[in-house]
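One structure below.
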Amino acid sequence: MEALLLKLKVENTRKERIFMKKKRYRLELTGILAVICLLWFPVTAMAAPSVEGDTSLTVTKDGNLSAEYTITSDEPMDSAQLTLSYDKEALTYTSGSGGNSFSGNGGNGTVQLSSKPGDTTTSFTVKFKGNTDGETALTIAACTIVVDGQEINVLSGDSASGEEGEEGEEAFDNNENRASFVIDDRTFYEHRPEDIEGFEPTRIDIQGKDSRVLKHQSLDVYVIRLYSDNGSYRDNFVYNPDTGNVIPFVQMTSGTDTVIFIEPEEEVHVPTRYTSVNLGWGPKYTIPALKHVIIDGVDEIQDDTNRYLIYGINQDGEKAWYSFDYDKNTLQLFDDVAYQGEQNYIMELEEKELGLGTELSGQIKRYDRDMARRLYIIMFMTILIIVLLNVIVMMYLRMKKMRFSEPEETEEEPDPVPRPSVKASYITGNLEENESDFHEPGEEGGEEEEEIDLEIIDLDDLDEDD
């Protein structure tokens with residue numbers, strides 16, 4: 001009996017040892033599995049998409065600064081987009097770089113950078129110029145990547161799923177069935193829009209394709225979402241069914257009104273001395289706007305302020321021009337009546353000044369014309385006087401020459417019969433009477449000298465010569 005009890009006791013002890021060995025083995029196996037799990041999950045978490053970079057900068061006035069940012073993912077990224085916010089009073093964006101097919105744009109306190117890495121890591125560099133001295137903060141406002149056609153929000157870790165993520169791997173496979181738009185020489189395709197407060201989904205025909213859009217609950221405003229051909233840019237746009245055009249969806253506050261930018265209507269009134277321009281908005285978009293111009297003669301010169309007029313509609317459906325300050329990012333209703341009254345007054349003054357200028361110009365032309373006429377008359381009279389003087393002088397010289405030439409010819413004639421030199425004697429008497437009336441001089445003197453020839457002189461001829 002005792003032997004049987006001893007045998008049973010030994011058997012129980014052996015079973016207990018076997019059980020303890022199995023229990024220890026299970027504990028060891030459980031511990032190993034726990035260690036493997038602890039090692040596995042942290043590695044998985046570290047491999048999740050992340051973005052790191054500078055969040056503060058030391059600013060020096062007129063100094064150049066740079067900030068570095070790195071985006072990582074556990075799988076190669078088709079595209080990456082990073083949006084930064086900064087204090088525009090302290091910094092001025094100058095340039096950016098990084099990644100394949102890099103694209104960057106900044107200003108007004110926001111910087112948007114994008115690239116197509118094709119790798120698990122991509123980096124961006126942003127350069128600023130300091131406006132003041134001190135410290136300033138940089139904020140990563142948004143960071144999204146596209147992996148295998150799926151958009152992932154790096155900051156939250158969320159990705160498109162369910163109905164919202166119907167794009168998935170087929171996001172860019174059926175673009176031929178989507179409405180398309182060309183923006184900045186790049187093709188954008190219509191996709192399912194995200195929910196926006198105050199809008200509700202509906203379907204309309206766009207370019208002959210049944211498209212899902214968002215319509216404002218109280219306004220005739222439609223919003224669609226467009227993706228660029230490579231998925232780098234994904235934004236909401238306001239669609240105009242009448243013209244088929246799109247502009248970036250912008251919603252701002254003006255006083256107590258909420259304003260949505262829309263495309264100006266064809267018949268909308270354009271204020272005096274404003275010209276149409278395209279206002280740059282974001283990295284690659286533009287918004288139709290108006291810019292004030294200064295008249296310089298016949299040239300129109302845009303003023304150097306960063307103020308623009310943008311057409312918008314408020315929550316009550318009232319459409320009007322709004323003055324947008326690009327530097328301050330503020331919006332206020334444009335008072336067209338007051339502005340037009342001011343411009344009418346300025347134009348009236350300019351017309352008066354122009355009238356005075358025209359009158360003065362006319363007087364100057366008339367004065368020039370009269371002076372030219374007088375000058376021509378004076379020149380004509382001067383020439384005429386000179387000609388007359390020349391004629392008179394020539395006639396005088398000719399007459400003088402003729403007067404001096406006659407005596408010379410008389411003096412040069414030789415006497416054909418030489419006469420002896422005798423004292424002149426005259427016979428007096430009347431030719432009409434008889435010859436007895438003439439007495440020779442010798443007879444009167446009583447003395448007869450040598451015989452001389454007598455010359456008969458007619459006294460009447462002498463009287464005529466005298």
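The values are calculated or read from the model by the stated rules, or taken from the named source; none is laboratory data. As the structure is a prediction and not an experimental result, all values here were calculated from the model. Positions of Cβ are generated from backbone atoms using ideal geometry, with glycine treated the same way; all protein chains shown enter the neighbour counts. Please note that ligands, DNA and RNA were not included when accessible areas were found on the heavy atoms of the full protein model with its side chains. Shrake-Rupley method; radii C 1.70, N 1.55, O 1.52, S 1.80 Å.
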| remark: Each label sits 7 Å from Cα toward the beta-carbon; between residue 187 and residue 230 the label points are separated, in nm, by 1.5 nm
| query | If you look at just the Cα atoms of region 51-117, how large are its Rg and its Dmax in Å? | reply | 12.9, 42
| request: Evaluate the distance, in nm, between pseudo-label points positioned 7 Å from the Cα of residue 295 and of residue 328 along their respective Cα→Cβ axes. | output: 2.9 nm
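Suppose R0 equals 60 Å. What FRET efficiency, 1/(1 + (r/R0)^6) with r the Cβ-Cβ distance, do residue 148 and residue 348 give to the nearest 0.05?
Efficiency, rounded to the nearest 0.05: 0.35.
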| Between residue 278 and residue 318, what FRET efficiency comes out of the Förster formula 1/(1 + (r/R0)^6) with R0 = 25 Å and r the beta carbon distance, rounded to 0.05? | 0.50
| query | Each residue of region 328-344 in turn: what ³J(HN,Hα) in whole Hz from Karplus with 6.51, -1.76, 1.60 and θ = phi - 60°, glycine and Pro shown as x? | reply | 8, 6, 10, 9, 8, 5, 7, 7, 6, 5, 5, 5, 5, x, 5, 5, 4
| Counting only heavy atoms of protein chains, what accessible area per residue, in Å², does region 229-357 have with a probe of 1.4 Å? | 56 Å²
| Where GluC sites (Glu not before Pro) fall in DSSP loop in region 238-337, at most 11 other Cβ within 10 Å | 266, 267, 318
| request: Report the calculated FRET efficiency for residue 269 and residue 207 (r = Cβ-Cβ distance, R0 = 30 Å), to the nearest 0.05. | output: 0.45
| message | Ignoring ligands, DNA and RNA, please state the percent of accessible area on region 44-97 from carbon and sulfur, probe 1.4 Å. | response | 47 percent
| said: Below 15 angstrom from the Cβ of residue 395, what's the summed charge of the other residues (Lys, Arg +1; Asp, Glu -1)? | reply: +4
| message | Out of the total accessible area of region 244-384 (probe 1.4 Å, heavy atoms of protein only), what percent is carbon and sulfur? | response | 54 percent
| Full-extension gain in nm, residue 92 to residue 404, via 0.36 nm per residue minus C-alpha separation | 101.8 nm
| remark: Each label sits 7 Å from Cα toward the beta-carbon; between residue 303 and residue 119 the label points are separated, in nm, by 5.0 nm
| Taking a label point 7 Å from the Cα of residue 132 along the Cα→Cβ vector, which residues of region 319-356 have an amide N closer than 19 Å to it? | 327-330
